[in-house]
Amino acid sequence: MADDDPARKPPAASNGTRVKIETDVDIVTARQMGRALAAQMGFGPSVSTVVSMAISELARNIVRYATRGEITFNPVNVNGKSSLEIVARDDGPGIPNVTQAMEDGYSTSGGLGMGLPGVKRLMDEFEIVSEVGRGTTVKVRKWKT
């Protein structure tokens, strides 16, 4: 079924909603929730799609590299400006060289190496903290313009 099939849509996320990420089904759920929340916040269809693409990549990285983790959605309002903050967190092996991982074309899985750098380009803010043996947290934000 397609992502936008109403029969498969989960309820829209609300402030601080967490989605456990362990399987490909969880990736779809997180992507759908993020898109629904972005639309609910008044982001247009193209921006909602960009947000869902970033969520998909972050969730896929959790499944691929850490086995399990979570994605949290937080609508944020600062001085009357709205944004959607997305935090992807795992307790996986961590990234030994974050600088290298952020280079276009670098991949440890044989992929195109566009994942994290692509997410950074899609979103307005990007922050990553990773510690070998302790996991990775990526926080991104999209501002409503």
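All of the numbers you see were taken from the coordinates with simple rules; none came from a lab. All figures in this text were calculated on a predicted structure; none of them were measured in a lab. Cβ coordinates were reconstructed from backbone atoms using ideal geometry, including for glycine residues, and neighbour counts include every protein chain displayed.
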Give the dimensionless ratio obtained when the Cα radius of gyration of segment 17-143 is divided by 2.2 N^0.38 Å. 1.00
Residues whose placed amide H lies under 5 Å from that of ASP124, excluding near-sequence neighbours: ARG141, LYS142, TRP143
May I ask you to list the trypsin sites (Lys or Arg not before Pro) in segment 27-117 that are in a DSSP loop and have at most 12 other Cβ atoms within 10 Å of their Cβ? none
Report the net charge of residues surrounding ARG68, where surrounding means a beta-carbon distance below 11 angstrom and charges are Lys +1, Arg +1, Asp -1, Glu -1. -3
Cα lying deepest toward the dipole's positive end in segment 46-145, options GLY92, ALA54, THR136, charges on Cβ: ALA54
